[in-house]
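What follows is a single structure, written as C-alpha cells, with notes after it.
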Amino acid sequence: MTESSKLSKPVIIPGGGIGGCACALALSQKGFSSIVLEQSPEFGEIGAGIQLGPNVHKMFIRLGIDKAIQDIAFYPNNLIMNDALTGEEITRVDLGKDFRKRFNAPYGVIHRADLHDTIIDACRHSKLIDLHTSVKMVDYEETTNGVTVHTEGGDNYNGAALIAADGLWSMVRPKIVGDRKPRVSGHIAYRAVLPIKDVPEPVLNDDVVLWAGPKTHLVHYKLRRGELFNIVAVFHSDKYEEGWDAFGDPKELEERFSNERPEVHMLLDKIESWRMWVLCDREPVKTWSKGKVTLLGDAAHPMLQYLAAGAGMAIEDSVVLAELLERNDGDFEATFKQYEQARYLRTGRVQTTARIYGDIYHAAGVVGELRTMMLSARDPKNYDGVAWLYDGV
Ligand SMILES: Cc1cc2nc3c(=O)[nH]c(=O)nc-3n(C[C@H](O)[C@H](O)[C@H](O)COP(=O)(O)OP(=O)(O)OC[C@H]3O[C@@H](n4cnc5c(N)ncnc54)[C@H](O)[C@@H]3O)c2cc1C
C-alpha cells in the first residue's frame, strides 16, 4: 500500500458508516489520503445481519479484505421464500456451486458489526486514513482550492474535496440535490439477533428464509460462521412518521403476524428486545455532485432494504470512485461527474426494484396467489433475473 499521499490535502469524508469507511479504504489503496468524521462517540453498527451478493464479494477482493470477510461470514445454501399463511414454499434460489460458478463469487451473510470492524481494521492499517469520532459536521463550503468543513465543536477541517457518506438524513444532500426529507414508506422493520443455541429446531437451517405474508414478511438466517441467528420482521403501519433505531414493541408484532405460521411465532416469541426502523427511501436522481463535493451510499441513493443491497451499493460506489480518481490523476470535479454517471442507473435500478420486491413479498389475496403461481414455476438454478445485480460493476 502506498504510504505517502498523492494529494497535498486529504479528502474529507463526513460519515463513518460502512460507506464512509469503505470509501476511505478504497481511496487509500489508490494513494489518496482522507479524514473520516463520525458524529458518534465510537465507530460501530447495531447488532443485525446484512446480506452480501457476489457483486460485493468482488469489491472485497479489490479492497483486500476478502479473506477477513470469509473468516467471519456465513454462506447459506439457498434463498427461500415461503408463504407465511400456508407454509408452502413459493420459490428458491440455489446458492450452491452452480451459483458460485455463474457469478464467480459466493452469496454471504454477515453481522453488520463484523463487516464494519473488518473495514475499520483495514483503515487503521493505513497511514493515509485519519479516523475521528465525536465530530459532527454542521456545515461546509467550497473554497478556491478545496473545501472547508465546520463542526459542532467549532473546529474547521480543510480538504481537497468532500465525499459525504452521512446517510439517509444527509445534511450535504439538500445543498446539492435540493430535495426535501426522505419518503416515509409506511413499512416498519424490527430486528433482533439470537445466540444459535436459542433458535427453535424447526426453523434452524443453513438457508436465508423469507416468510411472505399479507403486508408483512419475516426473514431469518445464521450469522458469524453460524454462531448467531438474525431475524428481521417487517410490516405496514401508518403509526410512525419517521425515525431510526428505537426500541420496538413485541405486542405490536404479535398483532401484525397473528394469522401466520407457527414457525413465525416461534421466532417472535423468542425475542424480548427488538430494535425498530421506520423504512424510508427517495426517488432516484441523476446528479449528486457539485464541484468538489459529492455524495456516497445512502446519502446519494437511499433504498428500501428488500433487495438487501444498500450497503453493497455504498461499497461499490467507493471502489468505482477511487478507481476513477486514480484514472483522472486526482482531478475531483471530473471524477465526481464520471462517478455519478457510472452509478446513477445501477443504483436507481436497485432503488426502484426494491420497492417492487416489497410489493411481491407483501402481496395479499388474489395478487398473492398470482405471485405464488408465477414464482413457483421458477427454476432454482436460473439466475437470469438476478444477474444484473450480482454480476456487479
Ligand atoms: C432493516 C434493514 C436491513 C438492511 N439489510 C441490508 C442487507 O441485507 N444488505 C445490504 O447491502 N444493505 C442492507 N441495508 C441497507 C444498509 O444498511 C445501508 O444501505 C447502509 O448501511 C448505508 O451505509 P452508509 O454508510 O451510506 O450510511 P449509514 O450507515 O447511515 O452511515 C452514515 C454515518 O454517518 C454518520 N453521520 C451522519 N451525519 C453526520 C454528520 N453531520 N457528521 C458526522 N457524521 C455523520 C452517522 O452517524 C453514520 O455513522 C439494510 C437496511 C435496513 C434498514
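The values are calculated or read from the model by the stated rules, or taken from the named source; none is laboratory data. Keep in mind it's a predicted model, so treat the numbers as computed, not measured. Note that we place each Cβ from the backbone using ideal geometry, even for glycine, and neighbour counts take in every protein chain shown.
All of (1) more than 16 Å from the ligand (Cβ to nearest atom); (2) touching a residue at least 24 places away in the same chain (Cβ under 8 Å); (3) buried (at least 18 other Cβ atoms within 10 Å of the Cβ); (4) in a helix (DSSP H, G or I) hold for GLU326 with one exception: (3). Got a sec? Which of LEU253, LEU279 is touching a residue at least 40 places away in the same chain (Cβ under 8 Å) and in a helix (DSSP H, G or I)? On inspection, the qualifying residue turns out to be LEU253.
Residues in region 151-205 that are within 22 Å of the chain's Cα centre (by Cα), charged (D, E, K, R) and surrounded by 14 or more Cβ atoms within 10 Å (Cβ to Cβ): ASP166, ARG173, ARG183, ARG191.
Out of GLY47, GLY16, GLY96, GLY53, which single residue is more than 13 Å from the ligand (Cβ to nearest atom) and of a type outside the set (Lys, Arg)? On inspection, the qualifying residue turns out to be GLY96.
Any residue at all in region 63-75 that is within 15 Å of the ligand (Cβ to nearest atom) and part of a helix (DSSP H, G or I)? Checked region 63-75: at least one residue is within 15 Å of the ligand (Cβ to nearest atom) and part of a helix (DSSP H, G or I). Picking from residues in region 189-219 that are out of contact with any strand residue (DSSP E or B) (no Cβ under 6 Å at 6 or more places or on another chain) and hydrophobic (A, V, I, L, M, F, W, C), the one that is nearest to ARG256 (Cα to Cα) is VAL203.
Name the residue, out of LEU27, LEU37, that is more than 7 Å from the ligand (Cβ to nearest atom) and at pLDDT 95 or above. Full working, then the answer.
Values: LEU37 fails: more than 7 Å from the ligand (Cβ to nearest atom).
Step by step, each of LEU27, LEU37 is checked, and only LEU27 is more than 7 Å from the ligand (Cβ to nearest atom) and at pLDDT 95 or above.
The condition (being modelled with pLDDT under 95 and touching a Leu at 6+ places or on another chain (Cβ under 9 Å)) is satisfied by just one residue among LEU218, LEU268: LEU268. Annotation: SER237 fulfils all but one of (1) surrounded by fewer than 20 Cβ atoms within 10 Å (Cβ to Cβ); (2) in contact with a Lys or Arg (Cβ under 7 Å, 6 or more places away or on another chain); (3) not hydrophobic (A, V, I, L, M, F, W, C); the unmet one is (2). Residue pairs whose Cβ atoms lie under 9 Å apart, sitting 6 or more positions apart in sequence or on different chains, and linking a residue in region 290-307 that is closer than 19 Å to VAL11 by Cβ and assigned to a loop (DSSP other than H, G, I, E, B) to a partner that is of a type in the set (Asp, Glu) and away from the ligand (no atom under 13 Å from the Cβ), are GLY291/GLU142; GLY291/GLU333; LYS292/GLU142; LYS292/GLU333; ALA300/GLU340.
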